[in-house]
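Take a look at the structure below.
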Amino acid sequence: MGLLINICLAIIAIVLGSIIIPLGILFAIIWLIIHKGENLGMKYFSRIFRNIAISIDILGNFCCAIMFNVILIKNTQSLYRFGKNGDTISKVIGLNLQQGNLTMVGRGVNRILNIFEKDHSIKAVTNNL
């Protein structure tokens, strides 16, 4: 497909997703309230929000690959670069951390991730996230 068509598809997906996803979550909340949760409530919503976070992370890794490769890793010819489909930002940071290939900014991002979860980027490598 041509660039213009792909741009249009991306815009449509973003617009529809920003409408449909909140509606779907709201619908699920109402449905679970009406049906008394049927023992799904918290686990179901926990999975939804975790999957949203991982999906955005993977999208960010792909969309911001050039910027991240320049700013976060020392050697842009690294064996493991940002932009590979399916990888999270944390995984690529973890792989480059193991190689000693993070810039000062990359190490700072890793420290921020460690605030939320100790050794987050290394766990992302081992858990293949």
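Answer yes or no as to whether Asn75 is in contact (Cβ under 8 Å) with a residue 24 or more places away in the chain, surrounded by 15 or more Cβ atoms within 10 Å (Cβ to Cβ) and out of contact with any Gly (no Cβ under 6 Å at 6 or more places or on another chain).
On the way: in contact (Cβ under 8 Å) with a residue 24 or more places away in the chain: yes; surrounded by 15 or more Cβ atoms within 10 Å (Cβ to Cβ): no; out of contact with any Gly (no Cβ under 6 Å at 6 or more places or on another chain): yes.
Answer is no for this residue.
Would the range 113-129 turn up any residue that is of a type in the set (Lys, Arg), surrounded by 15 or more Cβ atoms within 10 Å (Cβ to Cβ) and in a loop (DSSP other than H, G, I, E, B)? Steps first, please.
Here is the first cut: in the range 113-129, the residues of a type in the set (Lys, Arg) are 118, 123.
Applying the additional criterion that residues be surrounded by 15 or more Cβ atoms within 10 Å (Cβ to Cβ) yields 123.
Next, only the ones that are in a loop (DSSP other than H, G, I, E, B) stay: none.
Scanning the range 113-129 turns up no residue that is of a type in the set (Lys, Arg), surrounded by 15 or more Cβ atoms within 10 Å (Cβ to Cβ) and in a loop (DSSP other than H, G, I, E, B).
Evaluate the range 79-90: report whether one residue or more is of a type in the set (Phe, Trp, Tyr) and surrounded by fewer than 13 Cβ atoms within 10 Å (Cβ to Cβ). It would help to see each step written out before you state the result.
The first filter runs over the range 79-90 and keeps only residues of a type in the set (Phe, Trp, Tyr), leaving 80, 82.
Now drop any that are not surrounded by fewer than 13 Cβ atoms within 10 Å (Cβ to Cβ), which leaves none.
So far as the range 79-90 goes, no, none of its residues is of a type in the set (Phe, Trp, Tyr) and surrounded by fewer than 13 Cβ atoms within 10 Å (Cβ to Cβ).
Against the definition (small (Gly, Ala, Ser) and touching a helix residue (DSSP H, G or I) at 6+ places or on another chain (Cβ under 6 Å)), how does Gly83 come out, yes or no?
On the way: small (Gly, Ala, Ser): yes; touching a helix residue (DSSP H, G or I) at 6+ places or on another chain (Cβ under 6 Å): yes.
So Gly83 fits the description; yes.
Readers should treat all values here as calculations from the given coordinates under stated rules, not as data from a laboratory. Predicted model, so just to flag it, every value in this text is computed and none were measured. Note that each Cβ is placed from the backbone with ideal geometry, even for glycine, and that neighbours are counted across all protein chains shown.
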